[in-house]
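Here the structure is laid out as structure tokens; the discussion comes afterwards.
The values are calculated or read from the model by the stated rules, or taken from the named source; none is laboratory data. Computed from a prediction, not measured in an experiment: that's the story for all the values here. Heads up, the Cβs are rebuilt from the backbone with ideal geometry, glycines too, and the neighbour counts pull from every protein chain shown. Quick note on the areas: whole protein, heavy atoms, side chains included, nothing else; ligands and nucleic acids left out. Shrake-Rupley method; radii C 1.70, N 1.55, O 1.52, S 1.80 Å.
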Amino acid sequence: MTVKQDSFMDRLDHFLKSYGGDVMQEVWIYRDSAHLFHTSLWLGLLFFGLGMAVHWTWGLTGLAAGFLGPSLILYWSNSRDNGAILQDLKWIYESISVQLQSGLYILQALVESENFIRNRRMKKSFHRLCEQLLSGESIETSLETFEHSFHNPYISSFCVILRQMQDSGYAVKLLEDISLQLEEMERTNLVKEKENLEMKLQVFQMLLFVGILVLVLYGCVVAVVQNIYY
């Protein structure tokens, strides 16, 4: 039995979908994997040509920057979205837990939870998930499509929980535990963001000090030269 290997374009298509390309489709380059590849290639060749006019090392640097730039932008956008999605998931867990305790079925609870989502990418994918489930599509197929729309371990955990929801009491307890974990993780992320901000501030202060020092030294050198030759 042979295992079918995904082609490069298949892997690129998966990368585009899981890193938020479906939300950025209004940008021409992210319309599909073919647009992303061809535009990245042309940008790489363009910057390669411009760089070669200066030096071959600039040409290679321009080639890498032009070809990888669009994908790096998508990667950065996904990292930014993951921070907002973490907050959305926290609200979804709490909402579903309350809805289940009030007697609603899981599908109704999911639909009601959509109102708490703020991130545009998460809202679009979650709405598509609810539409698929309401249209009668299997939960496994719907969750697989939803999960592949993200590159986020918390989304994967969320899908695992939905698959395991056999008993509402068990589901509520599990959702509450996950919600508490997300709160703790959110606090940890806030501490990390504060530390990163403080580090950036220290680096900025150091660069400012070095800049002032260089200006002072430059002024002294100019003054000495003027005294010597004038």
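The figures follow:
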| read-out | value |
| --- | --- |
| Length gained when the stretch Phe204-Ile228 is fully extended (0.36 nm per residue, less Cα-Cα span) | 5.0 nm |
| Percent accessible area from carbon and sulfur atoms, the range 69-114, protein chains only, probe 1.4 Å | 63 |
| Förster radius 30 Å - calculated FRET efficiency between Glu144 and Leu72 (Cβ-Cβ, nearest 0.05) | 0.65 |
| The range 94-151, accessible area per residue, ligands and nucleic acids excluded (1.4 Å, Å²) | 54 |
| Surface per residue (accessible, 1.4 Å probe) for the range 28-78, Å² | 63 |
